[in-house]
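Notes follow the structure.
Just so it is clear, none of the values below were taken in a lab; they were calculated from the coordinates. It should be emphasised that the depicted structure is a prediction, and the values quoted were computed from it without experimental measurement. Ideal geometry is used to build each Cβ from the backbone, glycine not excepted, and the neighbour counts take in all protein chains shown.
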Amino acid sequence: MRMSNEIQKWELILPTEVNGFCLFEHKLENDDLVFFHATPKRYFDSIISTGFRSAAETGNGTLTSVSYAKRSTGCLAHIGNKLNEDYIVFAVKFDPVQQKCFVNNPSDIHIFKREIQPHILGYCELPKGFHVL
């Protein structure tokens with residue numbers, strides 16, 4: 001994993017109908033190898049140091065996979081309408097060879113193997129109280 005000071009932080013792009021309700025620039029949103037993962041900000045350091053882990057691995061649920069949205073707007077659908085804490089949305093990229101390990105759905109992918117970790121390109125922050133349209 002890369003150290004957090006090497007990971008790019010992007011300014012939040014407010015999601016609107018004009019930009020397809022996306023949080024990142026068009027180039028990232030339309031790259032077939034780039035995916036997005038939203039999580040409470042309190043998990044940022046853990047993800048940077050040990051990688052993405054399923055809810056079952058962290059003791060926060062029974063889900064045994066890690067999901068990544070194909071567009072950042074997919075993350076917004078999973079985190080609720082109004083955030084009760086700060087969130088991070090990571091933009092990540094997988095090696096093309098790793099795609100054979102994806103469970104591919106129309107709007108997201110699921111990774112069941114802990115050793116399959118993406119390269120973290122960067123992130124944007126969603127502040128507590130952010131209202132998801």
>> If you filter region 64-126 for trypsin sites (Lys or Arg not before Pro), then keep DSSP loop positions with at most 15 other Cβ within 10 Å, what is left?
In response: Lys113, Arg114
> Once the Cβ-Cβ distance between Asp95 and Glu17 is put in as r, and R0 is 30 Å, what FRET efficiency do you end up with, to the nearest 0.05?
Replying inline: 0.30
> Of Leu83, Leu63, Leu23, which has the largest mean-square fluctuation in a 10 Å C-alpha GNM of the chain?
Replying inline: Leu63
> For region 50-121, what is the charge dipole size about the Cα centre, in debye to the nearest 20, if Lys and Arg each add +1 at the Cβ and Asp and Glu each add -1 at the Cβ?
Replying inline: 200
>> If exposed means no more than 13 neighbouring beta carbons inside 10 Å and the site is in a DSSP loop, what's the longest run of the chain without any exposed GluC sites (Glu not before Pro)?
In response: 26-84
> So what is the diffusion coefficient of the chain in µm² per second by Stokes-Einstein at 20 °C and 1.002 mPa s, using a Kirkwood Rh over Cα pairs?
Replying inline: 143
> Leaving out same-chain residues fewer than 8 places away, which lysines sit with a Cα under 28 Å from that of Lys128?
Replying inline: Lys9, Lys27, Lys41, Lys70, Lys82, Lys93
>> Explain nothing, just the number: dipole magnitude of region 4-126 about its Cα centre with +1 on each Lys and Arg Cβ and -1 on each Asp and Glu Cβ, in debye rounded to the nearest 20.
In response: 300
